[in-house]
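Participant: Take a look at the following structure, please.
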Amino acid sequence: MTETPDLDLLREALSTSTLSHALKLIGDRWTMQILMGAFTGVQRFDDFQTRLNIPRRTLSERLKALVQMDMLRPRLYQERPERYAYHLTRKGMAIYEATLMTWDWEHRYGENRLALPTRLIHKTCGHAFLPQMTCEACKEPVTLRDLTLSLKPNPHLPHDSGEPMRTPKVTVGDGALSHLALRMDRWSLMIVSAAILGCRHFDQIAHVLRISPPLLSRRLAALVEAGLLSVEPDREDRRRRVYLLTPSSRALFPYIALLSTWASEHLFHEPSSIRPRHKACGKAFVPRATCGHCHQRLQAWDVTFEIGEAA
Ligand SMILES: [Zn+2]
Ligand SMILES: [Zn+2]
């Protein structure tokens, strides 16, 4: 989408997208880190705490939320004092493909590799691999450029209430963790999604995301600082500036697409309001994460990992 988007339609589609809802539920850095931990075998509260270096209260809240969403199931393993281990449920297991994409992204673009496995090995083929996003219909690897995106607001999906998102204030220069927070939090991913759908100007992004101008200013400055957007003067009107995707924000697309698909299939059982189509095969695009070596679809139980030294 390079032509000027229909901003009202885009606003409607984004606010009813499965992506927006999924990010609201799990789109903070800690929740994704906890899930990543769970996929690498962490189960006990204290182990999550040590591995992720997460404040105890935050950990306890996030685990509780994941249990309420039926993504983790607590199991008592010690009675006095009471201690629980957390196991992934089917719904939790199903988010594995999206989680793999955050792993891949962090390895390519992140500085903070704490708590991440250094290598993934596909037991099915026996090789170390990088995950790839492929088209379910034709099995070919796909990037953003291979798709056309159309908007069809789904009336069965709830409207985003538009309430202010409670995300921790991120300031540039808070170190590696804030960079991780910045890239993976809900606002950043929604701003990147708006850019993917054709928004290039400040006022366009502010309109479609219903974000206050001062907050959007801060967010855009931080995204530019982190290399996720570039900014340049508009060639048609030098007084305005355009915000453009960069290779690192384009590379967030597999995560965005797989998270959105997970929410469609496992939370809402409804198609999202954003409908991608694979240009090459002409089919509606359903993303799957496949092994870069043998091209089979990846399942959590078919993957082992090596945890090297934390960077
Ligand atoms: Zn295809
Ligand atoms: Zn393989």
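None of the figures in this text is laboratory data; all of them are computed from the coordinates on show. All of these numbers come straight from a predicted model, not from anything done at the bench. Quick reminder, even Gly has a Cβ in these numbers, built from the backbone with ideal geometry, and neighbours come from all protein chains shown.
Participant: Exceeding 24 Å between C-alpha atoms, which entries from my cross-link table qualify? They are LYS152/LYS283; LYS64/LYS91; LYS152/LYS279; LYS24/LYS139.
Facilitator: In this structure, LYS24/LYS139 lie more than 24 Å apart at Cα.
Participant: Using R₀ = 35 Å, calculate the FRET efficiency as 1/(1 + (r/R₀)^6) where r is the Cβ-Cβ separation of THR58 and GLU236; round to 0.05.
Facilitator: 0.15
Participant: Among 231-237, 17-23, what's the highest-first ranking by average C-beta atoms within 10 angstrom per residue?
Facilitator: Top to bottom by mean Cβ count within 10 Å: 17-23, 231-237.
Participant: Would you please put 90-96, 278-284 in order of how densely packed they are, using the mean number of other Cβ atoms within 10 angstrom per residue and starting with the highest?
Facilitator: 90-96, 278-284
Participant: Right, something else. Extension gain ALA128-LEU244, at 0.36 nm per residue separation less the Cα-Cα distance, in nm?
Facilitator: Extra length available between ALA128 and LEU244 comes to 38.4 nm.
Participant: Could you compute the FRET efficiency for LYS279 and ARG119, with r as their C-beta to C-beta distance and R0 at 22 Å, rounded to 0.05?
Facilitator: My answer for the efficiency is 0.10.
Participant: What is the log10 of I(q)/I(0) for region 1-158, computed with the Debye formula using one identical point scatterer on each Cα and no solvent, at q = 0.10 Å⁻¹?
Facilitator: Taking Cα atoms of region 1-158 as identical point scatterers yields -0.49.
Participant: Then there is this: Determine, at each q value in 0.16, 0.30 (inverse angstroms), the log₁₀ of I(q)/I(0) that the Debye formula gives when each Cα of region 268-311 is one equal point scatterer.
Facilitator: -0.72, -1.09
Participant: A further question follows. Rounded to the nearest 500, what is the 222 nm mean residue ellipticity of the chain from helices alone, with -39500 (n - 2.57) per DSSP H run of 4+ residues and division by all residues?
Facilitator: Dividing the helical sum by the residues of the chain leaves -11500 deg cm²/dmol.
Participant: Please report the Cα spread of the chain along all three principal axes, rounded to whole Å, starting with the longest.
Facilitator: 66, 43, 40
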